[in-house]
Amino acid sequence: MISNQILQNTIDGLKSIARVDLCVLDVDGKTAASTADMGNNARAAVEFAASPADSQEIQGYQYFKIYDENQLEYILVTGGVGEDVYVIGKMAAFQIQNLLVAYKERFDKDNFIKNLLLDNLLLVDIYSRSKKLHIQTDVPRVVMIVESGNGRDNNVLELTRTHFGANSKDFITAVDENNVIIVKELSDTDAFKEIEKAAKSLETYLQKEGIDRIRIAYGTVIREIKEVSRSYKEARMALDVGKIFFDERVIIAYSELGIGRLIYQLPIPLCKMFIREIFGGKSPDEFDEETLTTIYKFFENSLNVSETSRQLFIHRNTLVYRLDKLQKGTGLDLRVFEDAITFKIALMVVKYMKYMENADF
């Protein structure tokens with residue numbers, strides 16, 4: 001069923017064109033939308049609903065029935081009598097009935113996409129329902145997830161729908177209280193550039209609308225509708241992994257996760273065992289700020305001692321002293337490639353463990 005606000009906007013628009021007041025009531029006689037006070041017509045509407053007629057003139061008002069798949073849904077009342085008012089009433093009833101059909105089809109598609117994302121459909125149902133809803137099954141698509149600082153609310157959902165416009169080829173929905181999901185159809189040209197452009201454009205639009213702390217993640221491109229759930233799972237992983245290891249990035253792709261994808265799939269007990277094995281009873285996040293800054297800057301400069309000391313504004317010998325001290329404490333020499341890799345992975349594992357401990361599931 002469409003909202004009362006949609007009905008109100010519709011009859012307001014019709015009145016501005018036809019200069020005739022309209023009122024929409026439900027089958028119990030309650031007013032859903034009205035352009036003017038048209039008197040106490042609830043009883044007349046209920047009596048009219050029980051009659052076999054589809055339209056009727058009662059005490060100076062025209063009454064029309066509006067159906068949804070042969071089920072009476074609304075009563076439309078127009079103020080005034082005469083042939084012109086009757087025709088306007090019939091046209092208004094026809095417009096509202098078409099709105100019911102359009103919104104029901106939109107709901108059916110939305111429900112189908114949600115079940116598709118969550119893997120709740122059999123293969124035969126996917127293709128049969130796609131055909132019934134006139135959804136192409138063999139075009140390239142990608143699933144994008146949008147997360148904002150305040151979680152998901154109708155504002156973000158509606159803003160996203162507004163941004164992508166009335167393009168029936170893209171589906172915008174939500175399956176939980178935190179994220180907005182876009183199933184975007186792509187052209188056969190450069191899909192990656194098209195996705196990045198769409199994500200960047202959406203980010204800019206939402207920021208202009210006052211939505212803060214936006215993150216957008218997307219999966220890989222799929223070419224069959226049955227694979228939409230896979231792209232959705234990839235986008236969800238990209239969103240989580242991006243928050244752990246790429247917190248400075250707003251847009252993150254599943255194909256860019258690197259080793260973070262592997263670490264994210266490790267069980268926590270195995271991670272703890274790895275940290276104990278490398279550092280004994282210590283943890284890398286227990287190092288003082290100076291040591292951690294030195295480590296991250298050293299990695300940032302590809303283990304280059306000269307460049308790291310220059311950027312840290314310290315003498316080369318001071319940096320060497322810090323690295324020697326770290327080696328004595330951990331047994332790992334960051335100037336040795338193999339030790340540096342071990343240390344880098346350990347830092348990522350600790351970051352992952354912290355995220356999982358603080359996550360609100």
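Given the pairs Lys243/Lys344; Lys109/Lys226; Lys282/Lys344; Lys114/Lys272, which are separated by over 25 angstrom at their Cα positions?
Values: Lys243/Lys344 18 Å; Lys109/Lys226 15 Å; Lys282/Lys344 15 Å; Lys114/Lys272 37 Å.
Among Lys243/Lys344; Lys109/Lys226; Lys282/Lys344; Lys114/Lys272, the Cα-Cα distance tops 25 Å for Lys114/Lys272.
In the structure shown, the pairs Lys297/Lys325; Lys197/Lys354; Lys132/Lys169; Lys30/Lys132; Lys131/Lys200 are assessed against 25 Å; a Cα-Cα span above that value is assigned to Lys197/Lys354; Lys30/Lys132; Lys131/Lys200. Can you tell me the 0 to 90 degree angle between the C-alpha axis of helix 4-18 and the longest principal axis of the chain, rounded to 10? Between helix and principal axis, roughly 50 degrees. Only the Cβ atoms of Lys and Arg (+1) and of Asp and Glu (-1) were treated as charged; on that basis the dipole of the chain about its Cα centre amounts to roughly 1080 debye. Compared with the dominant principal axis of the Cα atoms in the chain, helix 316-330 is inclined by about 80°.
Ignoring any ligand, DNA or RNA, what whole percent of the accessible area of region 124-216 comes from carbon and sulfur when the probe is 1.4 angstrom? Summing carbon and sulfur atoms, their accessible area is 48 percent of the total for region 124-216. Around Gly79, with a cut-off of 14 angstrom between Cβ atoms, what is the net charge of the other residues, counting Lys and Arg +1 and Asp and Glu -1? The answer is -2. Using the heavy atoms of the protein chains alone and a 1.4 angstrom probe, what is the accessible area of the chain per residue in square angstrom? Ligands and nucleic acids excluded, the result is 55 Å² per residue. In this simple spin-label model, placing a label point 7 Å from the Cα along the Cα-to-Cβ direction at both Leu262 and Gln207 gives a separation of 3.4 nm. Projecting label points 7 angstrom from Cα along Cα→Cβ for Lys30 and Leu122 puts them 3.9 nm apart. Report the paramagnetic label zone for Ser55: residues of region 11-37 whose backbone N is under 12 Å from a point 7 Å from Cα along the Cα-to-Cβ axis. Those under the cut-off are none; the list is empty. Using the Cβ atoms and a cut-off under 13 Å, what net charge is assigned to the surroundings of Ile216, where Lys and Arg are +1 and Asp and Glu are -1? Neighbour charge sum, excluding Ile216 itself: +4. Annotation note: GluC sites (Glu not before Pro) in region 48-136 located in DSSP loop regions with a Cβ neighbour count of at most 16 within 10 Å are Glu69.
Within the shell of other residues whose beta carbon sits under 11 angstrom from the beta carbon of Ile182, the net charge comes to +1, with Lys and Arg scored +1 and Asp and Glu -1.
Restricting to DSSP H runs of at least four residues, report the calculated mean residue ellipticity at 222 nm for the chain, -39500 (n - 2.57) per run over all residues, nearest 500 deg cm²/dmol. Write out the running numbers ahead of the final one.
Numbers: 13 runs with 191 residues, N = 361.
Calculated from helices alone, the mean residue ellipticity at 222 nm is -17000 deg cm²/dmol.
To the nearest 10 degrees, how steeply does helix 191-208 sit against the main Cα axis of the chain, on a 0 to 90 scale? Computed tilt is about 70 degrees.
The values are calculated or read from the model by the stated rules, or taken from the named source; none is laboratory data. These numbers come from a predicted model, not from an experiment. Every residue, glycine among them, receives a Cβ derived from its backbone with ideal geometry; neighbour counts consider all protein chains shown. Each accessible area value is taken on the protein alone, full model and side chains, heavy atoms only, with ligands, DNA and RNA left out. Shrake-Rupley method; radii C 1.70, N 1.55, O 1.52, S 1.80 Å.
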